[in-house]
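Report on one structure; see the data block that follows.
The values are calculated or read from the model by the stated rules, or taken from the named source; none is laboratory data. Since this is a predicted model, take the numbers as computed values, not measurements. Virtual Cβ from ideal backbone geometry, glycine too; neighbours counted across all protein chains shown. Note: areas computed on protein heavy atoms with side chains; ligands, DNA, RNA excluded. Shrake-Rupley method; radii C 1.70, N 1.55, O 1.52, S 1.80 Å.
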Amino acid sequence: MQFVDVTPRVWKRLLAVQQGLACTCCGRWSPGERAALDLYGPLARRDVGPVTVGQIGQSLDGRVATVSGDARDVSGPDGLAHLHRMRALVDAVVIGVRTALHDTPRLTVRLCAGRNPARVVIDPRGRLPDDAPVLADDGARRIVVQAVDRPRPAGVTALHLPLRDGQLDPAEILAALQAEGLNSVLIEGGGITIARFLEAGLMTRLQVAIAPLLIGGGPQGLTLATPSPLLADAIRPEMRVFSLGSDVVFDCGLTPEAVAATAPLHLGRDGVSRA
Ligand SMILES: NC(=O)c1ccc[n+]([C@@H]2O[C@H](COP(=O)([O-])OP(=O)(O)OC[C@H]3O[C@@H](n4cnc5c(N)ncnc54)[C@H](OP(=O)(O)O)[C@@H]3O)[C@@H](O)[C@H]2O)c1
């Protein structure tokens, strides 16, 4: 397990990587800073094709909330800072409407330097109220993916997609976001939304951040509609483990491209990336 130390200078480097202005290989870094480059580099890079990363913050017993629905800050302080860093590195953050209604998140970047990503809510039936915090006008792009013809507040983009067997097709959602120029996407929850992208084979990375608490009951982080009947059939991704401090994150590469993206990025003098 690598201990991650996100110093101001390594974070500055990662924001430069995001801009295509720097590599992740050069420089004299402490082991913790090098681990930060390893963990966040694949999200910051823009030379590895579209990235769709899911993130779940859960307890030791795999819960994301209590039985009464208390879900605020399952993750510890370092897990929350990690989530904000991930937001800062992607083009867009996506949530399902149940999370938008239950948690009323803002999805902004507050615990690190960086710009706010576009915010996207998957709301097929038009349940999200116009005054939801996620739709607040703070300069970031706000998008709702919906199947109904429901007007949204000024400045909010409504992307209309058809229902197929009662669901929106995750591939069509990603294609619609890419058509908006949003190529690196963080699926921040909840479990239903993450599971849809995972089962469609569209998730390139999955991060499970575990905080050291036992809740004893409550909703689980991830439940698939088609679970593996045998352990031999279970998904066994390439996996790296990082200690954030208060939380431990399991970073899983789900595609060959995602695994390849964990290699250091070299930039030649011409600015072109080299393997
Ligand atoms: N710890 C964490 O990391 C974390 C993060 C986020 C949320 N949470 C917790 O997770 C819970 C909510 O998560 P959840 O899994 O119940 O719901 P969710 O994933 O937030 O939202 C699911 C809903 O979004 C819509 N949706 C998403 N993908 C769709 C698709 N492909 N096609 C059609 N509709 C789609 C549907 O809306 P309709 O219902 O309108 O059909 C669906 O029921 C809350 O307790 C929240 O606190 C935890």
Selection from Pro229, Met86, Ala200, by position along the positive dipole direction of the chain (Cβ): Met86
Computed label-point distance, nm, for sites Glu172 and Leu224 using a 7 Å Cα→Cβ extension: 2.4 nm
Label-point gap, in nm, between Leu60 and Leu111 - each point 7 angstrom along Cα→Cβ: 2.1 nm
Max mean-square fluctuation residue, GNM over the chain, Cα-Cα springs under 10 Å, options Gly189, Gly76, Gly126: Gly126
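Compute the signed sum of charges (Lys and Arg +1, Asp and Glu -1) over the other residues within less than 15 Å, Cβ to Cβ, of Ile210.
Result for the local shell: -3.
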Simple Cβ-charge dipole of segment 1-112, Lys/Arg +1 and Asp/Glu -1, about Cα centre, in debye nearest 20: 380 debye
Solvent-accessible area, 1.4 Å probe, carbon plus sulfur percent, for the chain: 55 percent
Charge dipole of segment 142-181 about the Cα centre (unit charges at C-beta), most positive-ward option of Thr157, Leu174, Ala147: Thr157
Paramagnetic reach from Phe250 (point 7 Å along Cα→Cβ, amide N under 13 Å) across segment 58-83: 58-63
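Counting only helical runs of four or more DSSP H residues, what would the 222 nm mean residue ellipticity of the chain come to if each run contributes -39,500 (n - 2.57) and the total is spread over all its residues?
-7500 deg cm²/dmol
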Length-normalised contact order for the chain - Cα pairs under 8 Å, 6+ apart - percent: 27 percent
At R0 = 45 Å, FRET efficiency that the Cβ-Cβ distance of Arg150 and His266 yields, to 0.05: 0.40
Magnitude of the charge dipole, segment 145-275, Cβ model with Lys/Arg +1 and Asp/Glu -1, debye to 20: 200 debye
Protection proxy ranking, peptides 11-22, 41-52, average beta carbon neighbours within 10 Å, highest first: 41-52, 11-22
Solvent-accessible area of Ile56 with every protein chain in place, 1.4 Å probe, in Å² to the nearest 10: 10 Å²
Hz values of 3J(HN,Hα) by residue in segment 253-263 - Karplus curve (6.51, -1.76, 1.60), Gly and Pro given as x: x, 9, 10, x, 5, 5, 5, 5, 5, 7, 5
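Taking the Cα centre of segment 79-167 as origin, work out the dipole magnitude from +1 charges on Lys and Arg Cβ and -1 charges on Asp and Glu Cβ, in debye rounded to 20.
Taking the Cα centre of segment 79-167 as origin, the dipole is about 200 debye.
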